[in-house]
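What follows is a set of notes on a single structure, which appears directly below.
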Amino acid sequence: MLKLQDLTKAYRTDEVETVALNNVNIEIDHGEFVAIMGPSGCGKSTLLNIVGMLDTPTSGHYYFKNEDVAGYSEAQLGVIRKQHIGFIFQSFNLIDELSVAENIELALLYHDIPASERKERVATVMDKVGIAHRAKHMPSQLSGGQQQRVAVARAVVGNQSMILADEPTGNLDTAHGQEVMGMLQKLNEEGTTIVMVTHSPSHADYARRTINLLDGHVVTESMRA
Amino acid sequence: MFNNYIKIAIRSIAKNKLYATINILGLSMGLAIYLFGGLLADYEYSHDAFFENSNRIYTIRGKVNSDANVGVGQIDGVQSAVGPLIKAELNEVEYVARTKIREFLISVGEDNYYQNLRFADPEIMEIFNFEFVYGDKSALQSSTGIVITETIAKKYFGDENPIGKTITLDHEHDLTVAAQIRDLPANSHFNSQIILSRPLDILVPMNAMERITDFVPDTNWGNTSMGDLTYVLLPISLDQEWLQTQMDGIFERHVPDDQRQLLDGFLVRLMIDANTAIWDMLGIPVITVVEILGFMVLIIACVNYTNLATAQSMGRAREVGLRKTLGAGPVQLLAQFIIESLTITFFAMALALVVLEMIIPLFNSATGKILAMNYIDTLPWLLMTTIIVGVLAGSYPAYLITKTNPIEALRDTARKGGSASWVRASMIGFQFTLSVSILASVLVVYAQNKQVEESSNIFPKDQIYTLDRLNVEQMEDRHEVLRNEILNIPYVEDFTFSSQVPYEQTSSTINASKILNDFDATIVFNQLNIDHHFADTYDIPIVAGRNISRDIAMDTHIRERGAVNTLVNEMTVKELGFASAEDAIGQVFYEDEGERGITTYTIVGVMADRNILGLFNVVKPFFFFMRDASYRLASIKISQNAPASVVQDIEDAWENVYPDYPMQGKFLDETFQATYIIFEMATKSLATFAIFALFLASIGLFGLAAFMAEQKTKEIGIRKVLGASNNQILKLLIWQFSKPVLWATPIALGLAYFASSTYLEFFAERIGLPYGMLIGAGVGGLLLSWVTVATHAFNIAKTNPINALHYE
């Protein structure tokens, strides 16, 4: 599905150059569930942002579906991103002024899909994540777990083939965390590729492969039996 | 501690230069308008208050018949026949005094000057407590005694005691100085007049008027002029309402029917309000409006500041959180933020004063008022205003930021208040409504004024040089000598005498009838005394019949003859009911001149209609005849390529003919400008206001955009992650920013439509409502709003979403 080759990302301020990713080589196949772990500042989020095409590498190659997107413009990346990639964030990032259904529908608004079909797909995905009874509620009326379920629904409503989750359970208690992880696992079983950044070893266990980062390097890769 | 606050405030201002500049500019606009309104109101209200009896001196004003078509609703005086009636019929009144201003050539020793004299009833000395340097209030009792002011005494007699000195009017009538009074303060109605500035210089007894001018004030119903006031002093026990009732009675009983076509009532008014009379003519309480507007503009400026400061303070939540964790209490934080806004207000006030110092002289020269900023007296007011504005504007953002929980602030998850956003949006909408409607009105007013100016070009006003004050008996013998001298000057094409020239806003009318001895249903005609060169000089074609001529005896009006040949304009032909100009030739009409008998006018020629009065007047029925006397003016037509020195040649010719009289010459264009300046002033002051208002509205919108930018960063980030392109985001933002402007525009255009139709009512020759301009103003407002928010919108749209969504 994607392949990172000698990928480097450096941030430059006036005098100091900070290397966030240093010659990273990673390959992720279609249908994989990959966890990325490592201490704060190791480059996890930078990696996820580049994979999610929200950021561009300084050097190296990024093959997405056999296409090298490393040199693509923001607009070109945007087109690929909206077709293939869904995002889940630690802080949910729902829009406070929109209802649950409207938040989910937002992901379809930029896809030229007729309103009737949008409604249908939003209803389906709400059923799937068990939030249909809250369709008209505003985000502030929901618990954290429920909000994250809305975020998951939003990430997959466009039939994205890959979900990038940045500490999806970081703001949730254990029970709600388990619930969200179960949902991701189910999506993975249905064929969605999932790349997740996490601090929690137990949640990393849901993944079949774990990549450990330290100071911008991949230090270990382990496969679950 | 305090120094520390100031230091932080100044550093914070220096760090956010753009915001600080906008804040200071916005507040200073608000302050400048507010201060100006206050200053103007204070000036107007303190006017004439220093006269001892100021609260019981009244003036009698004329209410103008709306059919009279003169463009104003009231005039400040009434006919001079009214004063004696009040004196005779109202015993309760303490004193009545009329004034009448006339210009004369006066001679003091060998020197000649043109000088305004104010004829007045001697009771004026009882009504007003003038301060005497020499003499006393009996000065006007004799018919040759006059009262002069200090300035005039100095001008004509140096430092000598002027009592007993003589001045001569028109080389003929001697008057003797009987008293000298101190100059009156600038803010007295005697000194300030919007249209003609004619300060109180010399008082002459009213009973000298008939002797000097052949004008009979006590019985005259046919003459009213701006600035000729009638004063009444009432005892304390009687009030304005009583006098009004009495005046209504006098109007009913005494005013001749034909005079009611001009004035249809008397209005009683306190003298201290006389200076605001000009505003009343427009029918709006302008001073109150200016005051209220000034205050509202200041409030709007404060709200704009608050908006912008609140938006900006969100970026500082972190700083505040940090200060709190380090132990800063709410009081210290509040103090810090309020001192910051006080510092901004202080700078704004300084700038506002600079702006005022620039505006006041312009205003003064345009209105003839004498406003001045007195810093010593107004210092407490200025300080209080600075403090109140600073505290008011700064307290909301200060409160908002200091109440946030430090942990939330540090985590930057603080909820950013959205409930008040409709209030902000409405404020912006309101500001745009105001400014777009003013802008649209300015455009309409401007277009109408242009129309007035263009249609005034029907006369070659740059090519006609006029000479004034020729209707003096001693000068009349040499009129023809003057004509010949001037016609000899190269580049002079033509020369004519007349009693009036175009654009002079005075008119002399007669009531004429087509049927002899039937004067019940008469027609009002304007009359103009001209000579045989008038039509040529002013390029007015004769459409039927012939021009008047010196060679035909009956073309010259001689009173004793009771008949004269006359030219009329096409409008008169229509009014008299003739089918065509040709049909009118040879026809007659009559004027009943009372004791002098009936005059018969025979039409020998018809002139094309030309708007002689111009400006806001319609073309009126005119008839023109030649009476070789009472020509007040001469008009000299100069060829287009004439050098500037031709005026000097004219002056030399004048010197040869009339060495004893100073020449009073000017181009016709100046006569036009004298009245046109009022319309121009209206455009200019409206335009100034529109610029201020638009600027303020833009600042408001900029603040709103900055505020929304802060609020929307997260939402935009999410939308972008979900696949929205930069263009889609830009469109969304522009749409959101434009919403208040969009709903404001139709309201604004409605208001402008109403306001400009009212303005256009003043004019006879109206432009059609320029819909294009109205819409242009709306589109202009919208474009301006886009330019204002474009940078913000563009910056938000292109930010990388990860900056907004990052959880750390």
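The values are calculated or read from the model by the stated rules, or taken from the named source; none is laboratory data. What you are looking at is a predicted structure, and each value in this text was computed from that prediction instead of being measured. Positions of Cβ are generated from backbone atoms using ideal geometry, with glycine treated the same way; all protein chains shown enter the neighbour counts. Just so you know, the surface numbers come from the protein's heavy atoms only, side chains and all, with ligands and any DNA or RNA stripped out. Shrake-Rupley method; radii C 1.70, N 1.55, O 1.52, S 1.80 Å.
At-a-glance table
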quantity	calculated
Per-region count, region B:680-716, residues open to solvent by less than 20 Å² (accessible area, probe 1.4 Å) and farther than 27 Å from B:PRO740 by Cα	1
Pair list, Cβ < 6 Å and 6+ apart or interchain, from region B:55-84 residues that are more than 19 Å from B:PRO256 (Cβ to Cβ) to residues that are at pLDDT below 80 and of a type in the set (Phe, Trp, Tyr)	B:GLY71/B:PHE616; B:GLY71/B:PHE762
Condition met for A:VAL180 (within 14 Å of chain B (Cβ to nearest Cβ) and not in a strand (DSSP E or B))	no
Matching strands (runs of 3 or more DSSP E) fully within region B:123-183 where at least 1 residues are at pLDDT 90 or above and open to solvent by less than 10 Å² (accessible area, probe 1.4 Å)	B:145-149, B:166-169, B:173-181
Residues being open to solvent by 10 Å² or more (accessible area, probe 1.4 Å) and either touching a residue at least 12 places away in the same chain (Cβ under 8 Å) or touching a His at 6+ places or on another chain (Cβ under 7 Å) (or both) - total across region A:155-169	7
Flag if B:SER507 is modelled with pLDDT under 80 and touching a Gly at 6+ places or on another chain (Cβ under 9 Å)	no
Count - residues of region A:47-90 that are assigned to a loop (DSSP other than H, G, I, E, B), away from every other protein chain (no Cβ under 12 Å) and not hydroxyl-bearing (Ser, Thr, Tyr)	6
Flag if B:PRO746 is free of Cβ contacts under 8 Å to residues at least 40 places away in the same chain and within 18 Å of B:GLY780 (Cβ to Cβ)	yes
Search result, residues across region A:31-42 that are within 14 Å of another protein chain (Cβ to nearest Cβ), open to solvent by 10 Å² or more (accessible area, probe 1.4 Å) and under 21 Å from A:ALA207 (Cα atoms)	A:PRO39, A:SER40
Matching entry among B:LEU751, B:LEU783 (being without any contact (Cβ under 8 Å) to a residue 12 or more places away in the chain and more than 10 Å from every other protein chain (Cβ to nearest Cβ))	B:LEU783
Count of region A:193-225 residues which are part of a strand (DSSP E or B) and crowded, with 19+ Cβ neighbours inside 10 Å	9
Count - residues of region B:717-743 that are open to solvent by less than 20 Å² (accessible area, probe 1.4 Å), hydrophobic (A, V, I, L, M, F, W, C) and assigned to a helix (DSSP H, G or I)	6
Residue ID - nearest to the other protein chains (Cβ to nearest Cβ), chosen from residues in region A:120-154 that are free of Cβ contacts under 8 Å to residues at least 12 places away in the same chain and not small (Gly, Ala, Ser)	A:GLN141
Filter result (aromatic (Phe, Trp, Tyr), part of a helix (DSSP H, G or I) and open to solvent by 40 Å² or more (accessible area, probe 1.4 Å)) within region B:744-790	B:TYR753, B:PHE754, B:TYR771, B:TRP786
Qualifying residue in region B:560-572 (condition: of a type outside the set (Phe, Trp, Tyr), open to solvent by 30 Å² or more (accessible area, probe 1.4 Å) and over 40 Å from the mean Cα position of the chain (by Cα))	yes
Matching entry among A:GLU27, A:GLU15, A:GLU102, A:GLU97 (being closer than 24 Å to A:GLU190 by Cα and either open to solvent by 20 Å² or more (accessible area, probe 1.4 Å) or away from chain B (no Cβ under 14 Å) (or both))	A:GLU27
Residue within region B:208-218 that is part of a loop (DSSP other than H, G, I, E, B) and either within 30 Å of B:MET373 (Cα to Cα) or open to solvent by less than 60 Å² (accessible area, probe 1.4 Å) (or both) present	yes
Qualifying positions in region B:513-556 - part of a helix (DSSP H, G or I) and among the small types (Gly, Ala, Ser)	B:ALA535, B:ALA553
Condition met for B:GLY665 (over 24 Å from the mean Cα position of the chain (by Cα) and under 30 Å from B:GLU655 (Cα atoms))	yes
Qualifying residue in region B:687-710 (condition: modelled with pLDDT under 80, assigned to a helix (DSSP H, G or I), within 13 Å of chain A (Cβ to nearest Cβ) and under 30 Å from A:VAL79 (Cα atoms))	yes
Residue satisfying all of: in region B:82-122; modelled with pLDDT of 90 or more and in a loop (DSSP other than H, G, I, E, B); most open to solvent (accessible area, probe 1.4 Å) among these	B:ASN91
